[in-house]
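Visitor: This structure is in structure tokens; I'll ask about it shortly.
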Amino acid sequence: MTNALHIFASLTLAEPFQDIIQGFASAHPDVSVKPTYGFCGALMEQMAAGAPADVFAPSSEPMLAKAAERGFVQTDTAVNYARNRLVLVSLMRDYPVAPKLEDLMEERYARIAMGDPESVPPGRYARMALEKAGLWQDLTARLQKYPDGLQPLKAVLEGRADAAFIFASTANSVWGKAHVVDIPVGVSMHYPVAVTRKSEEPELARAFIAYLQTDSAQKILEVTGFAHALSAQPLPDGF
């Protein structure tokens, strides 16, 4: 008999999870893993509507905290397994020199794309970085805010933006044709995961979370732009 494991994960995890799930499935041949990728808010609404989910893997600790507040996850199973970085990207063909954060004040960077800081993690981190640098107010009129963390990169690639703030894992596909500059924010951008409260396969869900922390899974995450977690436990005050 084949057991089904339903994984709800941030869209930013689609690339590494494809290979990670294959590795997990090879070690558990009696398990059918069914991933669903999407924006975290939409995934939570699906859970609220009764969609089967055993594992919830959002793109930030605050997003997991929101899931905990709504009673979607077992907080004692929550663990950080990877982290991301905020980067600034611009096309090499248009800008020969990689920009520094303060360079965004130049007229040539008239359109700066980012995720909506109210709902998109890299957008929230971008606002934090700009506020820390004292640039947020001066650049507000130039900012193009998108409802997810993927469209800002698309805007740059399609010529609709001069630069974009995105996660390093999102920039993984444009190495060699775009400048990718790390932007210090001062906070750890951890990716947490937890077993859902209504999981019908809690032991399998725990096994998958354990697998995310193995060397095999961590190597896949590293290749796709993620880094090792600095802290295993999500921020306690988030719950």
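Each row is one residue, and each column tells you yes or no for (1) modelled with pLDDT of 95 or more; (2) not in a strand (DSSP E or B); (3) not polar (S, T, N, Q).
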| residue | (1), (2), (3) |
| --- | --- |
| I7 | yes, no, yes |
| P16 | yes, yes, yes |
| I21 | yes, yes, yes |
| F24 | yes, yes, yes |
| S32 | yes, no, no |
| G41 | no, yes, yes |
| M44 | yes, yes, yes |
| A53 | yes, yes, yes |
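Visitor: Same structure again: Out of curiosity, is D19 out of contact with any strand residue (DSSP E or B) (no Cβ under 9 Å at 6 or more places or on another chain), open to solvent by 50 Å² or more (accessible area, probe 1.4 Å), in contact (Cβ under 8 Å) with a residue 12 or more places away in the chain and charged (D, E, K, R)?
Guide: Against the criterion (out of contact with any strand residue (DSSP E or B) (no Cβ under 9 Å at 6 or more places or on another chain), open to solvent by 50 Å² or more (accessible area, probe 1.4 Å), in contact (Cβ under 8 Å) with a residue 12 or more places away in the chain and charged (D, E, K, R)), D19 qualifies.
Visitor: In segment 34-62, which residue that is aliphatic (A, V, I, L, M) and in contact (Cβ under 8 Å) with a residue 60 or more places away in the chain is surrounded by the fewest Cβ atoms within 10 Å (Cβ to Cβ)?
Guide: Checked segment 34-62; the qualifying residue surrounded by the fewest Cβ atoms within 10 Å (Cβ to Cβ) is M47.
Matching residues to (1) open to solvent by 50 Å² or more (accessible area, probe 1.4 Å); (2) farther than 22 Å from G186 by Cα; (3) over 23 Å from the mean Cα position of the chain (by Cα):
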residue	(1), (2), (3)
Y95	no, yes, yes
E107	yes, yes, yes
G115	no, no, no
R127	yes, no, no
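Visitor: Separate question: Going by what's in this entry, would V120 be described as modelled with pLDDT under 95, crowded, with 24+ Cβ neighbours inside 10 Å, under 30 Å from Y211 (Cβ atoms) and β-branched (V, I, T)?
Guide: yes
Visitor: Applying the selection to segment 217-239, what residues are surrounded by fewer than 14 Cβ atoms within 10 Å (Cβ to Cβ) and in a loop (DSSP other than H, G, I, E, B)?
Guide: The answer is H228, L230, S231, A232, Q233.
Visitor: Right, another one. Can you find, within segment 71-93, the residue that is nearest to K154 (Cα to Cα) among those that are open to solvent by 30 Å² or more (accessible area, probe 1.4 Å) and within 18 Å of the chain's Cα centre (by Cα)?
Guide: In this case the residue turns out to be R85.
Visitor: Moving on to the next point. Read through the list (1) touching a helix residue (DSSP H, G or I) at 6+ places or on another chain (Cβ under 6 Å); (2) aromatic (F, W, Y); (3) more than 28 Å from L230 (Cα to Cα), then give the number of the only condition that Y81 fails.
Guide: Exception for Y81: condition (3).
Visitor: Considering each residue of segment 1-16, count those that are among the β-branched types (V, I, T) and either on the phi > 0 side of the Ramachandran plot or open to solvent by 50 Å² or more (accessible area, probe 1.4 Å) (or both), and give that number.
Guide: Looking only at that region, the number is 1.
Visitor: Follow-up. Mind listing whichever residues of segment 127-149 are within 21 Å of T170 (Cβ to Cβ), modelled with pLDDT of 95 or more and either touching a Ser or Thr at 6+ places or on another chain (Cβ under 8 Å) or not small (G, A, S) (or both)?
Guide: R127, M128, L130, L139, R142, L143, Q144, K145, Y146
Visitor: Against the definition (closer than 23 Å to L11 by Cβ and hydrophobic (A, V, I, L, M, F, W, C)), how does A232 come out, yes or no?
Guide: Here the answer is no, as A232 does not meet what is asked.
Visitor: Quick one: V185 ticks every box in (1) β-branched (V, I, T); (2) closer than 17 Å to F72 by Cα; (3) in contact with a Leu (Cβ under 6 Å, 6 or more places away or on another chain) except a single one, so which number is it?
Guide: Only one criterion in (1) β-branched (V, I, T); (2) closer than 17 Å to F72 by Cα; (3) in contact with a Leu (Cβ under 6 Å, 6 or more places away or on another chain) is unmet by V185, namely (2).
Visitor: Mind telling me which of the residues T214, T196 ends up being open to solvent by less than 50 Å² (accessible area, probe 1.4 Å), at pLDDT 95 or above and touching a strand residue (DSSP E or B) at 6+ places or on another chain (Cβ under 9 Å)?
Guide: T196
Visitor: Can you pull out the strands (runs of 3 or more DSSP E) entirely within segment 86-180 that have at least 1 residues that are under 24 Å from E15 (Cβ atoms) and in contact (Cβ under 8 Å) with a residue 60 or more places away in the chain?
Guide: Correct list: 86-91, 163-167.
The values are calculated or read from the model by the stated rules, or taken from the named source; none is laboratory data. These numbers were taken from a predicted model, which means no experiment stands behind them. A quick note on method: Cβ atoms are made from the backbone with ideal geometry, for glycine too, and the neighbour counts reach across all protein chains shown. Just so you know, the surface numbers come from the protein's heavy atoms only, side chains and all, with ligands and any DNA or RNA stripped out. Shrake-Rupley method; radii C 1.70, N 1.55, O 1.52, S 1.80 Å.
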